[in-house]
1. For the stretch 81-121, which positions are within 25 Å of ARG186 (Cα to Cα) and either at pLDDT 90 or above or basic (Lys, Arg) (or both)?
2. Return yes when THR559 is outside the structural domain of LEU458 (by TED's automatic domain parsing), of a type in the set (Ser, Thr, Tyr), more than 21 Å from TYR457 (Cβ to Cβ) and at pLDDT below 95 and no when it is not.
3. Select from the stretch 723-757 the residues that are of a type in the set (Gly, Ala, Ser) and either surrounded by fewer than 15 Cβ atoms within 10 Å (Cβ to Cβ) or touching a Gly at 6+ places or on another chain (Cβ under 6 Å) (or both) and list them in ascending order.
4. Does the stretch 702-760 hold any residues that are among the polar types (S, T, N, Q) and in a helix (DSSP H, G or I), and which are they?
5. Under the condition of being surrounded by fewer than 19 Cβ atoms within 10 Å (Cβ to Cβ) and touching a helix residue (DSSP H, G or I) at 6+ places or on another chain (Cβ under 9 Å), which residue from the stretch 445-461 is nearest to GLN412 (Cα to Cα)?
6. Are any residues in the stretch 191-240 surrounded by 17 or more Cβ atoms within 10 Å (Cβ to Cβ) and hydroxyl-bearing (Ser, Thr, Tyr), and if so, which ones?
7. Do we have ARG58 as in the same structural domain as ILE239 (by TED's automatic domain parsing), among the charged types (D, E, K, R) and either surrounded by 20 or more Cβ atoms within 10 Å (Cβ to Cβ) or modelled with pLDDT under 60 (or both) here?
8. Kindly indicate whether GLY233 is at positive phi and either at pLDDT below 95 or of a type outside the set (A, V, I, L, M, F, W, C) (or both).
Amino acid sequence: MTRFHQIGALAAALLTVANAGASGDVPYDRYAGRYAPDIALERYQAGQLGVVLPTYARMYLYTAWRDVMLGARDLKASPGVEHGLTVSVHGRPGGYGDWRRNAPDDVYAGWRKAVSAAAKRELLPPADKDNVATTYRACPDSSYAFAAQTLTDLARRSDATPARLEAWIATQRQVFRICGDDPEVRRPGYGQPKLAAAQPAALPASEALYWRQMQEYQLASAAFYAEDYAASGKLFTRIGATDQHPLRHWGAYLSLRTQARAATYVPPSVSQEERWKQQRAIAQEGPEAAAARAASQQRKVDAIQEAIDRILADASLKDLHEDARAIGRSMRSQLTPKTRFAELSKVLDDPRADPYADDHLGDWRLLANQLLPLSPLRKSAGFIDWIQTIQQCYGYKPEYTCAQEHEHALEQWRRYAREGNKPQARVWLMAAALSGDAMPADLEQASLQVAADAPEYLTVRYALARHYRTGKQADKARALEDAVLASPQLAAAASPSARNLFRQERLAIAATPAEAVPYLLRTPTESRDADSGEKASAKPTGEELASDGQRWLNSGLATADLYALSADKRLPAALRARIAIAAWMRFDLLGQEPQAIAAAQRIEQSVPALAADMHKYQTSNTQERRHLMLLSAMKWQLTPTLTWYNATRDEFAQANPDDVTASMWCKLPARPGVTVEEDTAIEVAPPAPETGNGAVRDKELAQLGALKTATGFVGDHVLRRVTAVPKDPDLPWLLYVVVQSTRGGCLDADAKALSKNAFTVLGKRYGNTEWSRKTPYYY
């Protein structure tokens with residue numbers, strides 16, 4: 001027996017598409033939710049929006065629109081199903097008619113166990129040779145769970161005989177074969193036709209009525225899986241119309257499911273290419289053909305609705321009412337999508353209505369994914385116009401430019417403000433503030449007056465901060481951002497994304513290196529639960545140095561300014577140590593010997609693992625210090641730049657000598673703003689601030705940027721040292737490192753010649769060493 005009726009297959013298929021990941025146009029950002037809020041959906045639904053971004057998916061933008069339209073006071077009294085947004089986004093837990101409540105974790109193993117218990121034998125073939133157990137299941141999990149429970153119940157009957165149970169099991173196994181699960185036959189390869197399975201034979205009329213009726217359900221299921229919807233519909237209808245039928249409860253509902261499946265059925269013989277041709281033909285059909293097709297689809301919808309109404313009128317089927325309504329919604333969405341979209345849009349355009357009743361918002365989202373953007377639809381409802389204005393250039397290909405979208409938002413806001421329509425004025429003020437590169441004076445003043453308890457408060461404040469920065473009004477930006485970062489509103493939002501966004505803006509307008517320090521670190525949003533938005537149960541990730549901070553430290557400061565930050569106790573000790581190391585290496589590369597010695601002394605005092613090397617560096621002569629710096633950098637994997645990986649690591653371990661390469665840097669930045677290893681291509685952040693001694697920085701960066709890659713720099717140094725200090729015991733290993741470093745990665749134009757030279761010297765001068773034996777060729 002199968003229980004495919006428990007799964008809303010049609011709705012589930014649509015839901016799968018809708019729950020796909022964020023659009024490729026939306027950047028990945030470890031520190032800001034660009035596609036969805038990092039706030040629990042229940043709180044977000046209740047008006048705790050944090051900072052709403054234009055790249056949010058439509059579901060979240062609609063919720064923001066409704067929250068702002070209602071405002072803090074009316075939102076509390078507005079209707080809204082508990083967990084409504086969660087259901088609209090993720091679907092009902094377990095699907096309609098949650099069969100998972102009583103199902104084992106491995107439903108197929110549960111089915112095999114039920115067979116063994118009822119038939120007093122193991123289901124063949126053995127589990128380790130069972131094609132279904134060892135690969136995947138084509139039939140719904142619910143079918144196995146329901147079959148196992150039904151078989152268990154049958155085995156308890158007083159009239160259950162081994163022959164009757166074996167007959168039921170045999171029929172059910174054949175049903176599963178028709179569905180696509182044959183434990184004894186290897187599955188067809190990709191592109192090969194599905195294996196045909198014969199319909200099970202009906203029990204003879206001499207068999208007891210009860211057992212024939214139980215098999216009747218199996219026969220109907222087999223016909224359904226064989227895509228013979230005419231036969232399965234008749235059988236299910238007969239089951240539902242038969243008094244005292246043991247499965248009468250499911251008859252009408254499964255007849256409805258069959259009717260719905262038949263209404264959208266496309267034979268497997270129709271190729272994908274033919275389907276595309278049909279879709280193109282539909283898109284190009286004239287008014288009369290379109291009207292005729294729409295009328296035909298509407299007749300199917302009406303017939304399905306009549307069957308649903310009969311189920312809803314039967315109180316004995318009340319546990320199936322919601323499932324039946326869900327089928328109706330799915331059918332209207334699939335068969336008459338534009339009509340259904342218009343109906344849902346009209347409902348959702350009233351913020352006082354409950355958008356989660358009958359999952360209106362979830363159904364609208366599914367259709368919007370197919371139908372938007374279309375200009376006529378944009379004008380069909382105010383919230384659609386608002387969403388597409390907010391999305392600007394991010395979520396769709398607009399008919400107008402982003403500047404025109406900003407002007408549209410301004411016009412809408414001013415219009416509603418003049419008319420005294422406060423809800424519409426609030427949402428369009430938010431849209432106007434989020435868009436555009438300039439903020440008119442009237443919009444700025446209105447934005448400043450947004451109440452602190454308004455759902456849009458933090459979003460508008462963030463928009464103001466951005467406009468003040470781009471408008472070169474740094475003092476206004478600092479005052480606003482400092483107030484928000486210390487505000488109870490930001491604390492109550494409990495949104496790392498919102499806090500990180502304000503920290504990004506605050507860092508971008510820092511006037512001095514010391515002023516920038518409090519805004520360098522961010523809390524990753526990845527430590528939040530993907531479903532609820534709340535903190536994950538696992539240990540949360542601590543604060544990290546994000547890309548904008550990395551870029552500023554690597555190319556925005558003179559080395560002396562960078563070194564000064566290594567003493568700032570507001571930064572974690574691990575980060576201070578890494579900054580000191582980067583400054584030490586840069587001082588040495590720049591030939592600033594006194595400063596390099598001072599940095600080595602600070603590292604000696606703060607990093608015990610490096611103390612011996614740093615002390616030796618300080619006490620050595622000038623000619624030897626460069627060599628010791630490079631030796632320590634390779635041995636301990638130190639770099640003159642800050643990366644996400646090393647910035648907060650407080651562990652220092654020597655590398656295996658066999659694995660060491662000269663990879664401390666690729667090309668050092670030659671000018672401010674140049675990226676090194678930051679994720680700036682995927683993280684969206686404002687430009688780094690202009691701080692410290694810019695003239696000295698620019699001179700130093702030009703000098704550092706002119707250096708070869710670490711491979712080339714170390715290679716040249718080692719070959720010179722072969723002449724200057726030929727008895728250095730480290731030279732065989734260093735020559736091995738040079739050759740290994742030229743295998744790939746960041747290389748200079750002369751890398752091949754360098755590799756050959758190092759290989760040749762190693763073989764001629766140090767051929768009787770392990771390092772020469774480990775270097776059979778050059779690259």
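The values are calculated or read from the model by the stated rules, or taken from the named source; none is laboratory data. What you are looking at is a predicted structure, and each value in this text was computed from that prediction instead of being measured. Methodologically, a virtual Cβ is constructed for each residue, glycine included, from the backbone with ideal geometry; neighbour enumeration extends over all protein chains shown.
1. Correct list: VAL107, TYR108, ALA109, GLY110, TRP111, ARG112, LYS113, ALA114, VAL115, SER116, ARG121.
2. no
3. ALA724, GLY744, GLY745, ALA749, ALA753, listed by residue number.
4. Hits for the stretch 702-760 are GLN703, THR711, THR723, GLN740, SER741, SER755, ASN757, THR760.
5. LEU448
6. Those that are surrounded by 17 or more Cβ atoms within 10 Å (Cβ to Cβ) and hydroxyl-bearing (Ser, Thr, Tyr): TYR217, SER221, TYR225, TYR229, SER232, THR237.
7. no
8. no
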